[in-house]
Amino acid sequence: MKKTIYLALLSITSATGMFAQMSIGGNSGGGSAPMAALNSGDINALTTVKSVNIVYTYNDLGVGAFRKEEDYLNKKCEELKKKDASACDKFRKDWVEGRKTKFEPKFEELFTKYGEKTAFMTGVNNSTNNEITLEVHTLFIEPGFNIGIAKKPAYIDIEFTFKDKTGKALCIFYIKNAVGAQMMGFDYDVTSRLVESYAKSAKMLTGVIKKERKKAKIKIEG
């Protein structure tokens, strides 16, 4: 049921993103405000958790106007090859490597920074030392663009699942429209835009967890 609902939202978001790309300086975030919510589970399950393992998944990823990531990459390569025959390989390499070298470290940095401020928890990429694992599943990426005279910020939709050692899901959060854009406007390449989206998603996640803890009247000792 969750998958069906999300695919319906993704269809609307993709259509909006396509229209925005056809227009000069389209609306940021697909035209809707960023959203963070506890989708399922009980926040009390994380009461004593102070540190988590963090893993990342990108399966079933939609990009821009495309339901499948590979379709987006193929289209992008067609455009790049018209200018430089070798540009496609570089773009594909940067697209994948950006996850390990830019996006994931930035998410961990901001998750820990803001998690510590709210007496919540810290996270370690690809660790197995902790009892709880946070799975960061990127569902959708809007790459955005910046051509100087016009720009559209990037944004991402992510599902965050906290799991115990048996793989049981304890809490699932959805983050939608985590917009990424550099303050000075020098985000001309897609990696520099998306790294800010992952930073934003970390802040949104720690913020909604803090909110849910407050609603449940959970007091965390420092």
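The values are calculated or read from the model by the stated rules, or taken from the named source; none is laboratory data. Treat the numbers as computed from the prediction; the structure is a model and nothing was measured. No Cβ is skipped: glycine too gets one built from the backbone with ideal geometry, and neighbour counts run over all protein chains shown.
In region 183-198, the residues that are at pLDDT below 80 form Cβ pairs under 9 Å with partners that are of a type in the set (Asp, Glu) and surrounded by fewer than 20 Cβ atoms within 10 Å (Cβ to Cβ), at six or more places apart or across chains, as follows: Asp189/Asp94.
Of all residues in region 146-172, count the ones that are closer than 18 Å to Ser32 by Cα and either more than 12 Å from the chain's Cα centre (by Cα) or not charged (D, E, K, R) (or both). Here the count works out to 7.
Taking into account only those residues within region 47-60 that are out of contact with any strand residue (DSSP E or B) (no Cβ under 6 Å at 6 or more places or on another chain) and surrounded by 14 or more Cβ atoms within 10 Å (Cβ to Cβ), which is modelled with the highest pLDDT? First the steps, then the outcome.
As a first pass, look at region 47-60 and keep what is out of contact with any strand residue (DSSP E or B) (no Cβ under 6 Å at 6 or more places or on another chain): 47-48, 50, 59-60.
Still in the running and surrounded by 14 or more Cβ atoms within 10 Å (Cβ to Cβ): 50, 60.
Working: Lys50: 92, Asp60: 96.
Taking the candidates together, the pick is Asp60.
Looking at region 73-88 only, could you name the residues that are in a helix (DSSP H, G or I), free of Cβ contacts under 8 Å to residues at least 12 places away in the same chain and either buried (at least 18 other Cβ atoms within 10 Å of the Cβ) or of a type in the set (Asp, Glu) (or both)? Glu78, Glu79 - these are the residues of region 73-88 that are in a helix (DSSP H, G or I), free of Cβ contacts under 8 Å to residues at least 12 places away in the same chain and either buried (at least 18 other Cβ atoms within 10 Å of the Cβ) or of a type in the set (Asp, Glu) (or both). Residues of region 93-124 that are part of a helix (DSSP H, G or I), in contact with a strand residue (DSSP E or B) (Cβ under 7 Å, 6 or more places away or on another chain) and among the hydrophobic types (A, V, I, L, M, F, W, C): Phe107, Phe111. Please work out if Ala216 is modelled with pLDDT of 95 or more, surrounded by fewer than 19 Cβ atoms within 10 Å (Cβ to Cβ) and among the small types (Gly, Ala, Ser). So Ala216 does not fit the description; no. Restricting attention to region 132-169 and to residues that are in contact with a Lys or Arg (Cβ under 6 Å, 6 or more places away or on another chain) and at pLDDT below 95, the residue that is nearest to Thr57 (Cα to Cα) turns out to be Ala154.
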